[in-house]
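A.B. asks: One structure follows; several queries about it will come next.
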Amino acid sequence: MKWKYSMEDDITAIYAGSLNDGVSIITASSNGVYIIDPSGNLIKEYSINFEDNSERIHLIRVFDLDGDDRDEILLGSGWMKTVDVEYEYVEEVDLLYRKHEGDGNLYIIDDDEIESIEIDNWVREIEFTDIDGDGEKEIIVVSGSYGRNFYKKYTDIPYVVEYCWYENYTKYAGDYNETECNDSCPTCFWDYENDRCLKIVQKEVCDTNITTRKGWNFTEYPSRSGSLKIFDKDYNIKVENESDRLFLSATICNLYHDLDSEFIIGSEGKIHIISQDLVILHEYSAPGDIERIFSVDVDDDGNYDFIFSFLVTEGVTTGVSGIMAIDREGNEIWQETFDEEISDVVLELHNESVFNKIIVASGELLYFLDIHGNILRDSTLRDGYKKLNNVRNINSIDVDDDGYNEIILSCGNALYLYALPSEFTSRENADRFYELAEDYYNSEDIKNALLYLNKSMQIYMEIEDDEGVKRCKELLDRIQSKIIEEKKEEGDSHYSKALIHYAHGEYESAKMELETAREIYYGIGYSDGVLRCNALMKKINEKLKTTTTTTTISEVTTSTTTSTTLQSMINSSVIKNVLSIIGGVLIVIIILFATFKSVKRREEGEVEKVKEMEEEVEKEVEEEEGEGVEEEKGMEEERKKERRERILRGWELVEDEWKKLEEL
C-alpha cells in the first residue's frame with residue numbers, strides 16, 4: 001500500500017485518469033465530490049445539492065464537452081424513492097397507492113459551475129462520442145432501475161372462521177375386574193362382550209369455514225425500467241427511448257465497421273445490440289444479470305467482442321458470479337466463475353482493442369486475468385494486518401508516470417493506492433516485452449523481435465514462470481524458422497543467378513554468385529543446398545580451366561603467326577571449344593530475337609534453360625550422396641555430346657524464332 005485517504009462517509013464511486021492534462025483521482029460520497037492528487041492529497045472538493053437524502057453518486061466520467069481544452073466532470077447518480085399516489089375512493093378497482101422506484105440525475109461540473117439534468121432512472125453509464133457519424137459528439141446516458149408497485153382494492157376479502165365441538169370415544173381403562181372397573185373412574189364401564197374395563201373420553205374437534213367480508217386487499221408487483229437518452233453538447237435532449245427492460249450496464253462501439261456506432265446494453269440475462277436510431281438489432285442470452293460490459297477485440301480478428309461480468313441467476317452450476325467473453329455473434333469465447341459476488345471489474349487498456357489484463361474484485365481478493373480468461377494470480381489486500389473484504393470500486397492507472405500501473409480502490413470510507421507486487425510487475429514487464437516481440441515478428445522486423453524476446457525470456461526465467469519461458473521458446477522457434485526461410489530464399493536467388501550466368505558462359509560471375517549462395521546455405525545448415533553448390537562449382541571450375549587453357553594457346557599462336565588469318569590462328573585446342581563458343585553465340589542470338597517478343601517469353605526461355613541446369617546438378621548431387629564422387633572417365637566425350645545436343649536445341653530455337661519473325 002502506497003497511501004490511504006479517509007473520508008467521513010462511504011465512498012460510492014471513483015475515477016482515476018487524465019484531468020486537464022494531468023493525472024487525478026476523483027471520488028464521490030454522500031457529502032460531495034473530491035479531487036485527489038497522485039500523492040493522496042486533497043486538492044479540490046465540490047458540494048452537490050442532492051435531490052434526496054438517499055441520492056448517491058455511482059458513476060464518474062471525464063470529457064471535454066465544449067472543446068475548450070478544459071475537462072468537465074460528469075456524475076451519474078441513483079437512489080430509491082417512495083412515492084405515495086393520490087387517488088379517489090373507488091370500489092372494486094385496483095388502486096396504485098404507492099411506488100418504490102429508482103431515480104437519478106446527471107451532474108456536469110464545468111470549473112465551479114454545476115449543471116443538473118433529470119434522468120428519472122438510476123444512471124448506469126455515460127459516454128461522449130459521435131454516435132450517428134455526423135461529425136458532432138453527443139452525450140449518451142443509459143439508465144435503469146428496479147422498483148415495486150403497491151396496489152389496493154376495496155373488495156370481498158376472504159377470511160376463515162374456526163369452530164369446534166366435542167366427540168366421545170372409548171379406550172382401555174386398565175387391568176381391572178368387573179367389580180373394580182365401575183369404581184376406577186367416573187366414566188368407566190365393563191365391556192361384557194370382550195371382558196375388559198373401558199372408559200369414555202371426550203376429544204375436541206375443530207374445523208374451518210371460509211367466508212368473505214368487504215375490505216382493502218393489498219398486493220404488490222415488481223417493476224423494471226430502462227432508458228437511453230442522447231443529448232447534444234448544450235445539454236438539449238435529441239433522442240430518448242424508454243423501456244420496460246432493466247438496463248444495468250452499457251458500452252458503445254462501431255460493431256459493423258460502418259459510419260454509425262451501436263449501443264451494447266446489458267440487462268437481466270440479456271445483451272441488447274441497439275442501433276443509433278434505437279432499434280434492437282440483436283439480443284443474446286447471458287448466465288445472469290450483466291453488471292459491467294466492455295467492447296474489445298479479444299481474438300484479434302479485427303471485430304469487437306464483449307467482456308462482461310454477471311451475477312448468476314440460472315444456467316451456471318458453480319459460483320455466484322463470473323466473467324464471460326462472447327463474440328459479436330453471441331458465441332462464447334471463454335467464461336470464468338467465482339465463489340463470491342463480483343463487486344467491480346476494470347480492464348487495463350493499452351489501445352482500442354488490446355488490453356493487458358482484467359482486474360476483478362470478488363470478496364477479499366483481487367483476481368488478475370489475461371485476455372483469454374486465464375487467472376494469472378490473485379491477491380489479498382490489507383490495511384496493515386486487517387484484510388479488506390468489502391472492496392466496492394477499483395481502477396488501474398500509472399499515477400506516478402513510472403511505466404507501471406497502480407491499483408486504486410475504495411473500501412468503506414477509505415481510498416487506497418496499491419503498487420502491484422514486484423513479481424507481478426516483473427511479469428507485467430515480461431508480458432509487455434513479449435507482446436512487443438510478437439508485434440515486431442508479425443511486422444517482419446526480426447531484429448527488434450529478437451531484442452524484446454530476449455528481454456522477456458530473461459524476466460520469465462528470473463521469476464521462474466515456466467509458461468512464459470515456454471511461450472518465448474515457441475516464438476523463438478518461429479523467428480528462427482522465418483530467418484532460415486528468408487535466408488534460404490536469399491541463397492536460392494543467388495544460386496539461380498549462378499545458373500543463369502553459367503548458361504550464358506559467364507563463369508566468373510556464376511562462381512561469385514555460387515560462392516555467396518553456398519556461404520548462405522552453410523550458415524543455415526542447409527546441406528542439400530551446399531551439395532548443389534559444390535556440384536555446380538565443379539562444373540564452373542572445369543569451364544574456367546578450359547577457357548584459361550584456350551586463351552593461353554591462342555596468345556602463343558598469335559605472337560608467332562601475326563600475318564596469318566583468323567582461320568590459321570585456330571589450333572586443335574581452340575577447336576575443342578568451338579561448340580561452346582557457338583553455343584554462347586546462339587544464346588546471344590536467341591536473346592536478341594526475344595527482344596522482339598514479350599518479356600514473358602524471354603523469361604520462360606531462361607527458366608527452361610535454368611531448369612535444365614538444375615536437373616543436371618541435382619543428378620550429380622544424387623550421385624555424390626549415393627555413391628560418392630567417382631573419378632572422371634570419358635568426361636570430355638560426354639561434354640562434347642552434351643554441347644552438340646545444346647547446339648542442336650539452340651538451332652531449333654533459332655529457326656522457330658526466325659519463322660515467328662517472318663510471320664510478323
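The values are calculated or read from the model by the stated rules, or taken from the named source; none is laboratory data. Treat the numbers as computed from the prediction; the structure is a model and nothing was measured. Counting neighbours? That spans all protein chains shown, and the Cβs are built from the backbone with ideal geometry, glycine included.
A.B. asks: Which of the following residues is acidic (Asp, Glu) and surrounded by fewer than 18 Cβ atoms within 10 Å (Cβ to Cβ): 305, 289, 258?
C.D. replies: 258
For (1) closer than 30 Å to residue 156 by Cα; (2) modelled with pLDDT under 90; (3) in contact with a strand residue (DSSP E or B) (Cβ under 9 Å, 6 or more places away or on another chain), each residue gets a yes or a no:
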residue	(1), (2), (3)
87	yes, yes, yes
95	yes, yes, yes
103	no, yes, yes
107	no, no, yes
123	no, no, yes
130	no, yes, yes
134	no, yes, no
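A.B. asks: Could you please find all residues in the range 50-66 being of a type outside the set (D, E, K, R) and free of Cβ contacts under 8 Å to residues at least 40 places away in the same chain?
C.D. replies: 50, 53, 54
A.B. asks: Another one. Tally time: how many residues in the range 436-455 are within 21 Å of residue 357 (Cβ to Cβ) and at pLDDT below 85?
C.D. replies: Qualifying residue count for the region: 3.
A.B. asks: Having 2 or more residues that are out of contact with any Leu (no Cβ under 9 Å at 6 or more places or on another chain) and not charged (D, E, K, R) is the bar; report the strands (runs of 3 or more DSSP E) wholly within the range 70-164 that clear it.
C.D. replies: Of the strands (runs of 3 or more DSSP E) lying wholly inside the range 70-164, those with at least 2 residues that are out of contact with any Leu (no Cβ under 9 Å at 6 or more places or on another chain) and not charged (D, E, K, R) span 72-84, 95-103.
A.B. asks: For the condition among the aliphatic types (A, V, I, L, M), closer than 21 Å to residue 338 by Cα and at pLDDT below 95, what is the one hit in 280, 274, 290?
C.D. replies: Result of the check over 280, 274, 290: 290.
A.B. asks: Any idea how many residues of the range 525-552 are of a type outside the set (Lys, Arg) and modelled with pLDDT of 80 or more?
C.D. replies: 16
A.B. asks: Considering only residues that are of a type in the set (S, T, N, Q) and at pLDDT 80 or above, look in the range 406-435 and name the one that is nearest to residue 21 (Cα to Cα).
C.D. replies: 410
A.B. asks: Another question about this same structure. Among the numbered criteria (1) over 25 Å from residue 1 (Cβ atoms); (2) over 22 Å from the mean Cα position of the chain (by Cα), which one does residue 470 miss?
C.D. replies: Of everything listed in (1) over 25 Å from residue 1 (Cβ atoms); (2) over 22 Å from the mean Cα position of the chain (by Cα), residue 470 misses just condition (2).
A.B. asks: Suppose we filter 134, 156, 120 for residues that are more than 30 Å from residue 95 (Cα to Cα) and more than 26 Å from the chain's Cα centre (by Cα); which single one remains?
C.D. replies: 134
A.B. asks: Here's a follow-up. Inside the range 444-535, counting only helices (runs of 4 or more DSSP H) that do not spill past its ends, which hold 2 or more residues that are under 13 Å from residue 434 (Cβ atoms)?
C.D. replies: Qualifying helices (runs of 4 or more DSSP H): 446-462, 466-503.
A.B. asks: All but one of (1) without any contact (Cβ under 8 Å) to a residue 12 or more places away in the chain; (2) of a type outside the set (Ser, Thr, Tyr); (3) in a strand (DSSP E or B) hold for residue 193, so report the exception by its number.
C.D. replies: That leaves (3) as the condition not met.
A.B. asks: Tell me, which strands (runs of 3 or more DSSP E) lie completely within the range 217-271 with 2 or more residues that are at pLDDT 90 or above and among the β-branched types (Val, Ile, Thr)?
C.D. replies: 249-253, 262-266
A.B. asks: State whether one or more residues within the range 377-395 are under 15 Å from residue 337 (Cα atoms), modelled with pLDDT under 80 and surrounded by fewer than 21 Cβ atoms within 10 Å (Cβ to Cβ).
C.D. replies: Taking every residue of the range 377-395 in turn, at least one turns out to be under 15 Å from residue 337 (Cα atoms), modelled with pLDDT under 80 and surrounded by fewer than 21 Cβ atoms within 10 Å (Cβ to Cβ).
A.B. asks: When you go through 417, 499 one by one, which is the residue that is touching a strand residue (DSSP E or B) at 6+ places or on another chain (Cβ under 7 Å) and buried (at least 17 other Cβ atoms within 10 Å of the Cβ)?
C.D. replies: One residue alone meets the criteria, 417.
A.B. asks: Where the second residue is exposed (fewer than 15 other Cβ atoms within 10 Å of the Cβ) and part of a loop (DSSP other than H, G, I, E, B) and the first is touching a residue at least 12 places away in the same chain (Cβ under 8 Å) and lies in the range 234-246, which pairs have Cβ atoms under 8 Å and are six or more apart or on separate chains?
C.D. replies: What qualifies is 238/232; 239/277; 239/278; 241/278.
A.B. asks: Could you check the range 155-206 and list, in sequence order, the residues that are at pLDDT 90 or above and touching a Gly at 6+ places or on another chain (Cβ under 8 Å)?
C.D. replies: 197
A.B. asks: Report whether or not residue 460 is closer than 20 Å to residue 370 by Cβ and either of a type outside the set (S, T, N, Q) or in the same structural domain as residue 546 (by TED's automatic domain parsing) (or both).
C.D. replies: Against the criterion (closer than 20 Å to residue 370 by Cβ and either of a type outside the set (S, T, N, Q) or in the same structural domain as residue 546 (by TED's automatic domain parsing) (or both)), residue 460 qualifies.
A.B. asks: Consider residue 298 against the criteria (1) under 27 Å from residue 138 (Cβ atoms); (2) within 23 Å of the chain's Cα centre (by Cα); (3) not small (Gly, Ala, Ser): it satisfies all of them except one. Which criterion is unmet?
C.D. replies: (1)
A.B. asks: Check residue 492 against each of (1) of a type in the set (D, E, K, R); (2) surrounded by fewer than 18 Cβ atoms within 10 Å (Cβ to Cβ); (3) more than 43 Å from the chain's Cα centre (by Cα) and name the one condition it does not meet.
C.D. replies: (3)
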